[in-house]
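Please read the structure below before turning to the comments.
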């Protein structure tokens, strides 16, 4: 059965400006079409909300540090592992789900795509093995490049063309999607136990600054014309007062225009902004600077951001910001996992309990909500939890309930043990805005699709687009009024269509679909210098051979390759 | 004309050298020579051409002898065993590919198996320690490029990981280590003077079984607290001297092995070594790494990790949940307590390595063993399945001791008619489905 | 209080997972309903009624329910696990996970217990008349939160890894222990009436360990600082006070480091 018509649903599609009108959507052979024949299966979407499948722009779901987080935390599965009847495998993991649970849970919430936020190129095979085993959802992965020796050397010498050639090579070797930059320079410094906390702190030996790395990578990204922009995790994550470094970093994008054939308008995507919007000087006078940061973001049209919402759970932090994890371990003394990756990057992992009795954690929660509530353009502000850092992705329905209902979030805010302190340190209590379903569709579908350069086929419900569709049991005319009701509605779709096939029905997985690995093949002019440098570094410094570095085809049996021609005449 | 296959990955130990050059006969059937491997790795490739390869499954008869049977007959017997048994030990995995493991897990989930790998008698202690306290670590290339203090504690790479010292840990000239071993100070801590100790700059002899106490003394000295005169046979002055030297390192690394995993306290020895490493990070940069033995035991831990959330001893016997408790769901304990009804061994030889009581228990249960060769386990099994040698006759993903994944290559064809692990497991999986559909369980 | 009496009528061939044998699972149920509660051997789903004769109905709540178990329970796992109230008396030795994750009520085993018993105990009273295996009163794998409350007493000997990651409560061993007592302790109190082999209080952050007998090898990280007169579990005696583990981190209160204490009876 490959023909469907979704009848009478309330459609929310920012790509067409549809704000809840009742509209039929026809599906045939994996695409949205004008109409279908009378033998099409009718899906009754009366009193339901219809949106494109949601797209996760930043989560840690596949790869070596994710897996280290899994196996070094048996307690994360304790009393939690289970199997539902039907076609699904055993699922487990509260903060770091196993690959099966990851695919199923995203699908149950109406997601059809997830971006693995940080792929260390040397471990790319591992990332792809996990992507391969993650059911239903399409996935891609961003190679981390902000501390890579090739990048540091080329950018120090302002060699944009060589930088671009190297990046093109890495994307092909690792089947990567774009440029991820984590704690630029600081993670290379961390290989000596040091860090770069401002954008002007030079990297030991390489003598390049984070500012130069950020700017250089943005330029290389636009030189190549990649579908996504440079994706940045700023320096000084998590520290009181860091909002200044954040704005300094964002300012580096000023004046740069996006160059690409994919409709992307931003040149910089700033991730989990919540962790980077802090004022104060210590944990005692900690305060929110979300308003200041968002004032800047709102007027800088060539930026996109994602939130990184704290969900007040026990979770696991994991990031390529190695020095930050060491610092966090010093604060909470919980088990610390660290791996420094030769020539490329690092990763750290520490479990974390965002205890709602603690004023600082509650303030972080408030900051995470202030950010999207201050966002003027929902097409540039996306909702994430930097899973699992600020909370598990399975909490998205709860985050939506806080954003869409002042009553729900205020009840939590006023019920905190240290409510007065939290209200004093943040501005959330003053905000009346409630995100609408239309805005939510922008923040979770249309916006991420456009930022990823996928707006032609994904993130919307226009004819010709891919039939990735989520139908929720939400009647916009009778929007649920309590937190639990809102959560339930977003946690269990009525239907999930993936490539025109029903994969989830009534919150139950009924088909594994045919997921694809997305990656970007950017062609550049032949560059003998870069190929020589690559050969040289593999012979002398890497611990594997150059011919054993690339990810073989068999690891991604179904590929969606986006070709970019960056050869300059 | 013989041809050379380059960039070959050696499927023997956790060093996972990937620079082997294998000379292969024109018809792709015989290995003629091996370059760059150590003696052990060379033997793994060279013995491929020895006559006497088992080509068909062998089934034990009533009189104790073995008779060749077809794959189909043996597969049917195996599937029936799996479907009938309430709890099946599915142990081994450390010498096959990740792709094969994945199929094996599907089978385990269906039939109620307990999936365990060779860590259970090896670095399982290290995994327990990491589960308790984490681990500050790095890739082997970081050691090559940065390390100026290298400590081998309770391990003997000269014997167990022969090319480790030349590829990564002592001799290479890296980016920040242009002087090679002359720019590194090498310590060897062991209860006996090993061949690795001969290569070290300093050998510290610790009384056997006192590593935990000695490491506690190192940590105490690092915090500037007083020490008893001797700990584990090492004088306090020496302890203080070594700790001060380690603090002055630019990048230090501790490699450890069975000297910590198998002496009194086991996981606690590694736990405290990890904590010493953690403490050193308050002063400088320090990392610690387990010298994993098998070439893909790490891979088994990874696949089990992403599919079920645990690195070994994964109990799927309830079929609707995954559980893990070393001491309960580990192979030797399951066998000693007679807690399983059938045994399924793949890519391993517990007959050679497990304690005798465990194997006596195992020998009384219906057992199948999947291995290219006859070994101590095949001869007490009901069925021996021959398969292609992974990394030699079929490729597949492997994980090095520092968790770096490398895809092994097929260098020659397997013997005529011999299945690969992936093919065999796929067929067993299919037969299990057929039996279960018939309502066998 | 209502009493349900279970009498073993069939010894399991493997080991029986008795997750439902506790006052909380029995509360509000009749004997017939209790017989239908699930019990497992691997993938075989069975019922308690297959293995136990059940007499008597449970109370309305866990607190009102007493369970008495007769017969051979040496191959029964999880007896009394997760109980929050009520009473359980086992007239037999038990296997693993007996009383694990209990948070209230009284559990009494008139025999030995195997390993992983009393894991992460949070409250109540758990008494073992015989010996205990390894990991008594320890944390679950990987969890830094071990025993946090209640009183766990073993009258015989216990094995290794007793009270690992303890953060509260009281654990008393009247006999001896092997190695690794109170490793990674961060609170609570351990009383050892007998002897320990080695490694008492290794990597201890906070907490108190009282040893009446001897320790074969003291941890290097412990330093004697004086003598004290104490009344421990009903015995008054003089103890040498050792602070430690000096190789480990310790919390500070008002600028002063708060060490752990290992008290050795003189």
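If you go through segment B:25-47, how many residues are in a loop (DSSP other than H, G, I, E, B) and surrounded by fewer than 16 Cβ atoms within 10 Å (Cβ to Cβ)? Give the derivation first.
To start, the set of residues in segment B:25-47 that are in a loop (DSSP other than H, G, I, E, B) comprises B:25-30, B:36-38.
Going one step further and asking which of them are surrounded by fewer than 16 Cβ atoms within 10 Å (Cβ to Cβ), we end up with B:25-30.
So the answer is 6.
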- [ ] Could you list, in sequence order, all residues of segment C:21-50 that are within 26 Å of residue B:324 (Cα to Cα) and within 14 Å of chain B (Cβ to nearest Cβ)?
- [x] C:38, C:39, C:40, C:41, C:42, C:43, C:44, C:45, C:46
TODO: Only residues that are more than 9 Å from every other protein chain (Cβ to nearest Cβ) and either surrounded by fewer than 24 Cβ atoms within 10 Å (Cβ to Cβ) or out of contact with any strand residue (DSSP E or B) (no Cβ under 6 Å at 6 or more places or on another chain) (or both): list them for segment B:293-328, please.
DONE: B:293, B:294
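Looking at segment C:49-63, which of its residues are more than 11 Å from residue C:10 (Cβ to Cβ), crowded, with 16+ Cβ neighbours inside 10 Å and over 23 Å from the mean Cα position of the chain (by Cα)? Walk me through it before giving the result.
If we filter segment C:49-63 for residues that are more than 11 Å from residue C:10 (Cβ to Cβ), which is where we start, we get C:54-63.
Of the ones still in play, those that are also crowded, with 16+ Cβ neighbours inside 10 Å are C:54, C:56-59, C:62-63.
Within segment C:49-63, C:54, C:56, C:57, C:58, C:59 meet the criteria.
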- [ ] List the strands (runs of 3 or more DSSP E) that sit entirely inside segment A:290-406 and contain at least 3 residues that are away from every other protein chain (no Cβ under 14 Å).
- [x] A:303-306
Task: Exclusive hit being free of Cβ contacts under 8 Å to residues at least 40 places away in the same chain and within 25 Å of the chain's Cα centre (by Cα), set A:457, A:432, A:420, A:468 - done: A:457
Task: Single residue of segment A:91-127 satisfying the filter (in contact with a strand residue (DSSP E or B) (Cβ under 6 Å, 6 or more places away or on another chain) and in a loop (DSSP other than H, G, I, E, B)) that is farthest from residue A:502 (Cα to Cα) - done: A:120
- [ ] Take segment B:347-370 and flag every residue that is within 19 Å of the chain's Cα centre (by Cα), assigned to a loop (DSSP other than H, G, I, E, B) and surrounded by fewer than 24 Cβ atoms within 10 Å (Cβ to Cβ).
- [x] B:349, B:354, B:355
Open item on the list: With the requirement that a residue be surrounded by fewer than 18 Cβ atoms within 10 Å (Cβ to Cβ), assigned to a loop (DSSP other than H, G, I, E, B) and more than 10 Å from chain B (Cβ to nearest Cβ), what does segment A:533-569 give you?
Closed with: A:557, A:558, A:567, A:568, A:569
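If only one of B:115, B:83, B:8 is within 14 Å of chain C (Cβ to nearest Cβ), over 17 Å from residue B:381 (Cβ atoms) and surrounded by 24 or more Cβ atoms within 10 Å (Cβ to Cβ), which one is it?
Details: B:83 fails: surrounded by 24 or more Cβ atoms within 10 Å (Cβ to Cβ); B:8 fails: within 14 Å of chain C (Cβ to nearest Cβ).
Matching residue, one of B:115, B:83, B:8: B:115.
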Task: Criterion (over 20 Å from residue C:164 (Cα atoms), part of a helix (DSSP H, G or I), touching a helix residue (DSSP H, G or I) at 6+ places or on another chain (Cβ under 8 Å) and without any contact (Cβ under 8 Å) to a residue 12 or more places away in the chain) met by exactly one of B:301, B:259, B:305 - done: B:305
TODO: Mind counting the residues in segment A:347-381 that are closer than 19 Å to residue A:195 by Cβ and within 19 Å of the chain's Cα centre (by Cα)?
DONE: 3
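Could you pull out every one of the helices (runs of 4 or more DSSP H) wholly within segment B:124-243 that has 3 or more residues that are without any contact (Cβ under 8 Å) to a residue 60 or more places away in the chain and within 27 Å of residue B:18 (Cα to Cα)? Give the derivation first.
Numbers: elements: B:124-133, B:140-146, B:157-160, B:195-199, B:211-222.
Output list reads B:140-146, B:195-199.
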Open item on the list: Against the definition (over 12 Å from the mean Cα position of the chain (by Cα) and surrounded by fewer than 22 Cβ atoms within 10 Å (Cβ to Cβ)), how does residue C:93 come out, yes or no?
Closed with: yes
Open item on the list: Can you pull out every residue in segment C:24-36 that is assigned to a loop (DSSP other than H, G, I, E, B) and under 15 Å from residue C:81 (Cα atoms)?
Closed with: C:27
Open item on the list: I'm checking my understanding of the structure. Among residues of segment C:175-225 that are within 8 Å of another protein chain (Cβ to nearest Cβ) and assigned to a strand (DSSP E or B), which one is surrounded by the fewest Cβ atoms within 10 Å (Cβ to Cβ)?
Closed with: C:217
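Report, by residue number, each residue of segment A:40-86 that is part of a loop (DSSP other than H, G, I, E, B), closer than 30 Å to residue A:182 by Cβ and touching a strand residue (DSSP E or B) at 6+ places or on another chain (Cβ under 8 Å). Can you show your working first?
Residues of segment A:40-86 that are part of a loop (DSSP other than H, G, I, E, B), as a first pass: A:40, A:45-48, A:53, A:60-63, A:72-73, A:77-81, A:83-86.
Narrowing further to those that are closer than 30 Å to residue A:182 by Cβ: A:53, A:60-63, A:72-73, A:77, A:80.
Selection gives A:53, A:60, A:61, A:62, A:63, A:72, A:73, A:77.
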Task: Options B:174, B:183; residue that is more than 13 Å from chain A (Cβ to nearest Cβ) and over 21 Å from residue B:273 (Cβ atoms) - done: B:183
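Do we find that residue B:22 is within 30 Å of residue A:125 (Cβ to Cβ), outside any loop (DSSP other than H, G, I, E, B), within 14 Å of chain C (Cβ to nearest Cβ) and under 27 Å from the mean Cα position of the chain (by Cα) in this structure? Walk me through how you get there before you give the answer.
On the way: within 30 Å of residue A:125 (Cβ to Cβ): yes; outside any loop (DSSP other than H, G, I, E, B): yes; within 14 Å of chain C (Cβ to nearest Cβ): no; under 27 Å from the mean Cα position of the chain (by Cα): yes.
So residue B:22 fails the test.
Inside segment C:1-19, can you point out the residues that are away from chain B (no Cβ under 14 Å) and either crowded, with 19+ Cβ neighbours inside 10 Å or in a loop (DSSP other than H, G, I, E, B) (or both)?
C:1, C:4, C:6, C:8, C:9, C:10
Given B:356, B:374, B:380, which one is free of Cβ contacts under 8 Å to residues at least 24 places away in the same chain and either over 18 Å from residue B:108 (Cβ atoms) or out of contact with any helix residue (DSSP H, G or I) (no Cβ under 8 Å at 6 or more places or on another chain) (or both)?
Details: B:374 fails: free of Cβ contacts under 8 Å to residues at least 24 places away in the same chain; B:380 fails: free of Cβ contacts under 8 Å to residues at least 24 places away in the same chain.
Just one listed residue meets the conditions, B:356.
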- [ ] Within segment A:498-509, identify whether any single residue is touching a residue at least 60 places away in the same chain (Cβ under 8 Å) and within 14 Å of another protein chain (Cβ to nearest Cβ), and answer yes or no.
- [x] no
Task: Residue that is nearest to the other protein chains (Cβ to nearest Cβ) [pool: residues in segment C:98-117 that are assigned to a loop (DSSP other than H, G, I, E, B) and surrounded by fewer than 24 Cβ atoms within 10 Å (Cβ to Cβ)] - done: C:115
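Tell me the residue from C:43, C:75, C:106, C:82 that is within 27 Å of residue C:164 (Cβ to Cβ) and without any contact (Cβ under 8 Å) to a residue 24 or more places away in the chain, please. So that I can check it myself, show each step before the final result.
Working: C:43 fails: within 27 Å of residue C:164 (Cβ to Cβ); C:75 fails: without any contact (Cβ under 8 Å) to a residue 24 or more places away in the chain; C:82 fails: without any contact (Cβ under 8 Å) to a residue 24 or more places away in the chain.
The match here is C:106.
The numbers here are math on the coordinates, done by the rules we state, and not lab data. Here the structure is a predicted model, which means the values were calculated and not measured. Glycine also receives a Cβ, built like all others from the backbone with ideal geometry; neighbour counts cover every protein chain displayed.
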